[in-house]
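Here the structure is laid out as structure tokens; the discussion comes afterwards.
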């Protein structure tokens, strides 16, 4: 599809800094995407760009930085886990959004039942195991699409962790069913 010159000029007017500021006012849930690399080494990173894509079959779409080691290992492995964080998962979210080289030695983790992917039961209310279906590079990020093969519900009694306005938050207490 060809882009009109007036449209291209409009796209160029939104700088990366401005776009980041605009999107920070749009809160989202927080997840840690994990996989196991060569020789069994665990990899993972915090993401807030995640959404359900399809109900039948159950599919997810996750956006990850192009330079991410976790992304590279997901592509090689062909499978990943999505750990949906609950309100007490902030420590894990901060750790996995850092450049700390030994994230998995600083936090308790387990493995998923189907493909032995890293799971974070102390920090996630749910962990979903996904088979990698598609990879689409888009700007400085890559979209990964996965089919959900299995899900483990750890702590459905805890509200989800949210991220917006460049900070973590949770649903207010007594805000309805979780």
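Each reported figure results from applying straightforward, stated rules to the coordinates on display, with no laboratory input. Here the structure is a predicted model, which means the values were calculated and not measured.
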Exercise for the section: Only helical DSSP H runs with n ≥ 4 go in: add -39500 (n - 2.57) per run for the chain, normalise by residue count and round the 222 nm mean residue ellipticity to 500 deg cm²/dmol. Expected result: -5000 deg cm²/dmol
Completion exercise
GNM on the chain, Cα springs under 10 Å; top mean-square fluctuation among 78, 164, 139 goes to 139
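Could you tell me whether region 64-108 comes out rounded, prolate or oblate from its Cα gyration tensor? Rule is a ≥ b ≥ c as square roots of the eigenvalues, rounded for a/c under 1.5, then prolate if a/b exceeds b/c, otherwise oblate.
prolate
Just the number, please: Stokes-Einstein D of the chain in µm²/s, Kirkwood Rh from C-alpha pairs, 4 °C, 1.567 mPa s.
Numbers: Rh = 17.2 Å.
The calculation lands on 75 µm²/s.
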Problem - Relative contact order for region 27-161, counting Cα pairs under 8 Å that sit 6 or more residues apart, in percent - result: 29 percent
Fill in the blank from the handout: Connecting every pair of Cα atoms under 10 Å apart in the chain and solving the GNM, the largest mean-square fluctuation among 36, 46, 152 falls on 152
Practice task
Would you look at the GNM of the chain, springs on alpha carbons closer than 10 Å, and say which of 87, 41, 18 moves the most?
Solution key: 18
